[in-house]
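The values are calculated or read from the model by the stated rules, or taken from the named source; none is laboratory data. In this text the structure is predicted, and so the values were computed from the model without any measurement. Here the Cβ positions follow ideal geometry from the backbone for every residue, glycine too, while neighbour counts run over all protein chains shown. Accessible surface areas use protein heavy atoms only, side chains included; no ligands, DNA or RNA. Shrake-Rupley method; radii C 1.70, N 1.55, O 1.52, S 1.80 Å.
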Amino acid sequence: MSKEKLIDVKNLATYFHTEEGTVKAVDGVSFEIYPGETLGVVGESGCGKSVTSLSIMRLIESPPGKIERGEIIFNNKDLTKSTQKDMRKIRGNDISMIFQEPMTSLNPVYTVGDQIMEAILIHKDVNKKQARQEAIDMLTKVGIPLPEQRVDEYPHQLSGGMRQRVMIAMALSCDPQLLIADEPTTALDVTIQAQILELMNGLKDQFGMAIMMITHDLGVIAEVSDRVAVMYAGKIVEYTDVETLYANPKHPYTWGLMHSIPHIEKDVDRLQAIPGSVPNPLDFPQGCKYNTRCPFATDKCREIEPEIEEIEEGHQVACWHVDKLEEAKAKEKKKKEKK
Amino acid sequence: MEWQEVLLKLIKNKISLFGIGIIIFFVIISISAPWLAPPADPDDPYMIPRAGWSIQPKPPSEDHIFGTSEGQYDIFYGIIWGARTAFRVGLIVVGISTLIGILIGTIAGFYGGVIDEILMRITDVFLSMPFLVAAIVLTTILGKGLDNVMIALVTFGWMGTARLMRSQVLEIKAEEFIQAAEALGANDIRIIMKHVILNTIFPVVINASMRMGSIVITASSLSFLGVGAPTGYADWGQMISFSRNWILGSQGNALQFWYTVLIPGLAITFFCLSWNLVGDAFRDILDPKLQN
Amino acid sequence: MTEERLLEIKNLKKYFPVKAGVFRRTVAHVKAVDDISFHINKGETLGLVGESGCGKSTAGRTILRLLEATEGEITFEGQNLLELDKRELREMRKEMQIIFQDPYASLNPRMTVADIVGEPIDIHGLAANKKERNERVTEILDTVGLGTEYMKRYPHEFSGGQRQRIGVARALAVDPSLIIADEPVSALDVSIQAQVINLMQDLQKDFSLTYLFIAHDLSVVKHISDRVAVMYLGKLVEVADKQKLFDDPKHPYTQSLLSAIPVADPTYKSDRIILEGDVPSPVNPPSGCRFHPRCPYAMEICSEVEPEYKDYGEGHYAACHLLEQE
Ligand SMILES: Nc1ncnc2c1ncn2[C@@H]1O[C@H](COP(=O)(O)OP(=O)(O)OP(=O)(O)O)[C@@H](O)[C@H]1O
Ligand SMILES: Nc1ncnc2c1ncn2[C@@H]1O[C@H](COP(=O)(O)OP(=O)(O)OP(=O)(O)O)[C@@H](O)[C@H]1O
Ligand code: SF4
Ligand code: SF4
Ligand SMILES: [Mg+2]
Ligand SMILES: [Mg+2]
C-alpha cells in the first residue's frame, strides 16, 4: 500500500510503576493504520490492548503509568510529545474512542442528547439549537428509533445495545479520522453484537474513517478487520492481513489460539488447549514470553526474546522457530489426509 | 487474608505498632498491679487506700508519687488498678454487646422477611433512646456499681454492631459461594458459621476495637456523673470525678492541682487512643481487600 | 445409548415479584422462567442457550431448588424434587451439583482449597476420618489437574482457569450424577476455556456424568452438547439434537441467533439475519409469541395466539406458528 499512514506507532512502551513492581503493560509495539481501514487488535485479558489504545489517546493515568519510549505519529505530529491542551483538541475531534461498558462511560446525570451535544459544541462552531439537531441526526444514523424522544432520555433508560449506539453516535459526532473501539461488543448479546458490528461497518464506509478494533474474539476480528495485530504479554507477536492470518498463522500462539476455540462451522472431537496460563505481568519469563506455554520452545527461546520481523511480504512474526510450526502443520495435514 | 497476615501487617504499620505498644503497656501494668501497688487488703484490692481524710489534694511526694486526690486517695494506686478496671469494663461490655450484635444482625440478615422486620424494629427502638441518658436511667434503676454500669452499657451498646452485621450479611448472602454451599447440602448453621461469619467478621472486629476506647470513656463519664463505681473504687473516671472541684487551683496558682486531672486524664486518653489507632490501621489493612 | 431419562422438567415456572411503594407491595412479576418443559437423558449433555436475561440461570437454579419454583414438576430419577422436605433435599443434593460462571465469586475467599473441596465430604460424611478425607481431596484435585501443593492455598492465589477447576472439583466431591454448569467458561480467557471444556468432557466419560450446560456462546455449546435447547424470554423456543438444530433450525429466533455468530474465518460469508430492536422486558412480555416484535416472519396470529411448543418429529421440539401451518 502506498497510501499515506494515518497513524504510525513506533516502538511504543508504556509501563506502570506500582508498589509491587513495574508492569510492562506495553513493551515496544509498532503498527500503523491507513485511512479507511480497520486494524484488529486481538489478545487475551491483560496483554496490553487497552493500554495501547489509551496511550494513543494519552489517557494513561500518571502516576503510576508512563509512556516510556516510542512515537505515535498522527498527522505528522508525535502525540507522545503533545501537550494535554493539544490532546483535548485531538480527542473526540480527530480520534474518538468507544469502550466496552457503555454504562460506565456515559454520565448518568445528563441526558443522552446533552452528552452528544457537548462533544459537538466543543469541537464545532455551531449554536445550541444546531447542535441538538445534529445530535438527533446522529442518533438516527446509528439506528435509534424515535430519536427526537430518545435524545432527552437518560442513559439508564436505554438498553445495553442502545447505549453502545449512543456511544458510537457521540464518538462519530465530530467526524473523527480514527475511531478506537475497545471491545465495543463484549458486553452485548450476539444478536445485538451483530447489529452493532453491521452498524460500524456501514458507518465506516459512510464516514470514511479508520477503525482500530480491539477484542479478544477471533470471530469478531475475522469479520471486521483488514489487518490484524496479535498481542501477547505486552508485545505484538504476529501482524499481517486478516486472510493470511487465518489461513496461515505463523506464530505458535496465534496457531494455538485458533485451535483452542470451538469453530461453529467445523466440528472437532477435542479442542487443543494451550497449557498453562498467561504469565503474571510482574514476573514475565525471560526470553520469549510465550515460552512457558509453547510446544516448540527451546533453550534459545528461554534466553533471548525474538524481535518481530517480516518473514514474508506484509507478514511479521516474533518467533525463533517459525519452521517448527510449519513442520507441525505439515504433520497435522498428513494425519488428516490419512483419515 | 489470613489472621497471621493481618497481624503481620498490623505490626509492620508504624501507627498501629504504636497503638499496640500502648495496649501492651497497659496490659503489663494490669498484670503487675499487685507488685506495682501492693493492696492493703488483698481481698479487696480495688479499694484505693486513703492517706488521711483531708479534703484538699496533695501534690506528688515520695510516698505518693502521683500525689493524692480529694479525700487523700492515692492517685498512683488508682491509675494502676484502674487499668484493670478499664480492661474489664471494655472487654466485657464490648465482648458481650458485640456478640449480641452479631447474633441479631446475622439472624436478621440471613433469614430476612418477618424475622428481619421484627429484629430491626426492636433495634430501632433501642437506637431511638439517647445512649447516655438511657444508660444513666438504667444504672440508677439497677443501683450504683460497676456491674450495673456494664449491664447498662451492654443493653444500649449492641445496636450498631447488629446493623453493621446485618448489612454485611445481606451483602455476603448474595454471593455465589453461599449458593454453592447450599447446593452442596450444607445446613443453615454450617453456612452461617463457615461462610457468612468468616466473611463478615473483619469490619465488626474493627468496629469493636474502636468501641473499646469509647466504652471506657462512657463508663468513666458515668462514674464522673456519680452513677458508676462506688466511691473509692479504682476507676479512672472516678479519679477524674475526684478532681471536679480542683480543676482550678487557688488564686494566682491556677495549676496548683494539675496532677488530679492530668494523670487520670492521660491514662484514659492513651487507652482510648491506642484502640483507635489499632482499629484505624486494621481498617486500612483490610479495606483494599474488602473493595476487590 | 439407551435413552433413559435422568431429569424431566414439566411446565416449570419461576416468577420473581416486583415490589414497589412504601408497603413494598407486589405490583408485577418478572416471568424469568415461564412454563418450560424438557428432559435430559442419562449421560448426555444438554446445552441451554439464549441471550442475557432470558432465564437460563434461573432455570438452572430452580431445578436445583436453590430458588423455589412457582409452579411445575421436576422429576429426578423418578422423584419429584418439589415434594422433598428440607432434610431430604439436602440428602438429594449429593446427586445434583452446580458449577458457577464466576470463578471469583463462587469460592469462599477465606477457605483453603482443601477445605473448599473437603466441605461436601464433611457435609455428607463421606470420609470416616481426617486421613481418608485428605486422601479423597487429593484424589479429586488430582482428577481436575491440580497438584497437592495447592491444598493449603486460598482462592485468590489462583488464576481464573485454576479456580474454575477448584469449582469443578468441589462439585465432583459428592460424586453426583447430574451437574448443572452455568456458563462455566464465559468468564475465562480464550486460551483457558479449552482447558476447562476438555476437562469437563473427560470427567463426563470417566464418571458417566450428565450435564446441563448453560452458555451464551453457541460455538461452545455446539462443541460440547448432544442436544441443544434455545430459550427466549423465559420460554423454550426450540429443542433438538445438536446436528439437527444447527443444520436445520426451525424457529426463526434460532435461525437468526445462529446467523449472528461471528465466524472465525474471514473467507466465510454468512447470510446474516439482523434482528431489529432489543429483547423486551420479562415483566411485560409481548402477547402471543414473545418473539413477534422482532420476528422477520411475524404474522397476524403471532401477536394474538401463543404458539404451541410441540414435537415436530424425532424429538425436534419447537414453538412457532409457521411450523404449524406447514
Ligand atoms: N492503572 C494501572 N496500574 C497498574 N497496572 C495496570 C494499570 N492499567 C493496566 N495495568 C496493567 O497493564 C496490563 C495490560 O492491561 P490492559 O488493560 O491493556 O489489558 P487488556 O489487553 O486491555 O485486557 P482486557 O482484555 O482484560 O481488557 C495488565 O497487566 C494490567 O494489570
Ligand atoms: N432474584 C431475582 N429477583 C428478581 N428478578 C430476577 C432475580 N434473578 C433474576 N431475575 C430476572 O430474571 C430474568 C432472568 O434472569 P437470569 O439470570 O435467569 O438470566 P440468564 O439467562 O441467566 O442471563 P445471563 O446470560 O445474563 O446470565 C432477568 O430479567 C432477571 O433480571
Ligand atoms: S520464540 Fe520459541 S517460545 Fe516463543 S513462540 Fe517461538 S518457538 Fe515458541
Ligand atoms: S410464532 Fe410467529 S412471531 Fe413467533 S417465531 Fe413463529 S413466525 Fe415468528
Ligand atoms: Mg481492555
Ligand atoms: Mg445467567
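Between the listed residues A:111, C:262, A:29, the Cα displaced farthest toward the positive end of the dipole of the protein assembly as shown, a dipole computed from Cβ unit charges relative to the Cα centre, is found at A:111. Taken one residue at a time, the phi angles of the range A:196-206 give Karplus couplings (6.51, -1.76, 1.60, θ = phi - 60°) of 5, 4, 5, 4, 5, 4, x, 5, 4, 5, 5 Hz. Gly and Pro are set to x. With θ taken as phi - 60° and the Karplus curve 6.51 cos²θ - 1.76 cosθ + 1.60 applied, the whole-hertz 3J(HN,Hα) list for the range A:274-282 is 7, x, x, 9, 4, x, 5, x, 7 Hz, x standing for glycine and proline. Other residues within the sphere of radius under 15 Å centred on the Cβ of residue A:160, judged by their own Cβ, net out at -3 (K and R +1, D and E -1). Put the Cα centre of the range B:122-165 next to the Cα centre of the range C:79-158 and the gap is 44 Å. Split the accessible area of chain C by element, probe 1.4 Å, and carbon with sulfur accounts for 45%. Given the C-alpha centroids of the range B:74-94 and the range A:65-142, what is the distance between them in whole angstrom? Spelled out, the Cα-based centre of one part sits 65 Å from the other. Among the GluC sites (Glu not before Pro) in the range C:211-305, those located in a DSSP loop and surrounded by at most 16 other Cβ atoms within 10 Å of their own Cβ are C:276, C:300, C:304. Connecting C-alpha atoms closer than 10 Å in a GNM of chain B, tell me which of B:216, B:94, B:205 has the biggest fluctuation. Highest fluctuation among the options: B:205.
Among the residues of the range A:272-291, those with an accessible-area drop of 40 Å² or more from chain alone to full protein complex, heavy atoms and 1.4 Å probe, are A:273.
What you get for chain C, charging only the Cβ of Lys and Arg (+1) and of Asp and Glu (-1), is a dipole of about 1220 debye around the Cα centre.
Measuring nothing but protein heavy atoms, the accessible surface of the range B:3-291 at 1.4 Å probe radius is 69 percent carbon and sulfur. Charges were assigned to the Cβ only: +1 to each Lys and Arg, -1 to each Asp and Glu. The resulting dipole of chain A about its Cα centre is roughly 180 debye.
Chains A and C together bury roughly 3300 Å² of accessible area, counting both sides, with a 1.4 Å probe on protein heavy atoms only.
Based on the Kirkwood approach, the hydrodynamic radius assigned to the protein assembly as shown is 33.0 Å, with every pair of different Cα atoms included. The residues of the protein assembly as shown have, on average, 45 Å² of accessible surface per residue, using a 1.4 Å probe with all protein chains present. Largest GNM mean-square fluctuation among C:305, C:221, C:113, using chain C with Cα springs under 10 Å: C:305. Extension gain for residue B:115-residue B:50 works out to 18.0 nm (0.36 nm per residue, less the C-alpha to C-alpha distance). Rg and Dmax, both from the Cα atoms of chain C and both in Å, are 20.9, 68.
Spread over its residues, the convex hull of the C-alpha atoms of the range C:167-251 is 108 Å³ per residue. Relative contact order of the range B:169-237, taken over Cα pairs closer than 8 Å and 6 or more residues apart, is 23 percent.
Rounded to the nearest 10 degrees, the inclination of helix C:160-172 to the longest alpha-carbon principal axis of chain C is 80 degrees.
Spatially, the range A:209-268 and the range A:287-303 are offset by 21 Å when compared through their Cα centroids. Rolling a 1.4 angstrom probe over the range A:199-249 with all protein chains present gives an accessible area of which 44% lies on carbon and sulfur atoms. If we count every other residue with Cβ under 12 angstrom of residue C:32's Cβ, Lys/Arg +1 and Asp/Glu -1, where does the sum land? Taking every other residue near residue C:32 into account, the sum is +4. Taken across both chains, chains C and B shield about 2200 Å² of accessible surface from a 1.4 Å probe. Applying the criteria of a DSSP loop state and at most 11 other Cβ atoms within 10 Å to the GluC sites (Glu not before Pro) of the range B:29-126 yields B:62.
Relative contact order for chain B: 26 percent, from Cα pairs under 8 Å spaced at least 6 residues apart, divided by residue count.
Considering only A:235, A:24, A:89, the Gaussian network model of chain A with Cα springs below 10 Å gives its largest mean-square fluctuation to A:89. Over all projection directions, the Cα-based convex hull of the range B:3-291 averages an area of 18.8 nm².
Of the residues C:58, C:277, C:221, the one whose Cα sits farthest toward the positive end of the charge dipole of chain C, with +1 on the Cβ of Lys and Arg and -1 on the Cβ of Asp and Glu, is C:58.
Within the range C:8-73, the GluC sites (Glu not before Pro) that combine a DSSP coil assignment with at most 15 other C-beta atoms in a 10 angstrom radius are C:68. Net charge in the neighbourhood of residue A:120 (other residues with Cβ under 12 Å of its Cβ; Lys, Arg +1, Asp, Glu -1) is -2.
Contact order, relative form, for chain C: 19 percent (alpha carbon pairs under 8 Å, 6 or more residues apart, mean separation divided by residue count).
Derived from the Cα gyration tensor, the three semi-axes of the equivalent ellipsoid of chain A are 37, 23, 18 Å, largest first. Seen against the Cα atoms of chain A and their longest principal axis, helix A:112-123 is set at about 90 degrees. Contact residues in the range B:164-192 (at least 40 Å² less accessible area with all protein chains than alone, 1.4 Å probe): B:176, B:177, B:179, B:180, B:182, B:183, B:184, B:185, B:190.
The residues of the range C:133-161 listed by number as losing at least 10 Å² of accessible area in the complex, against the isolated chain and with a 1.4 Å probe, are C:154, C:156, C:159.
Once backbone amide H atoms are built at 1.01 Å from N, residue A:69 has A:13 as its partners under 5 Å, excluding neighbours fewer than 5 places away on the same chain.
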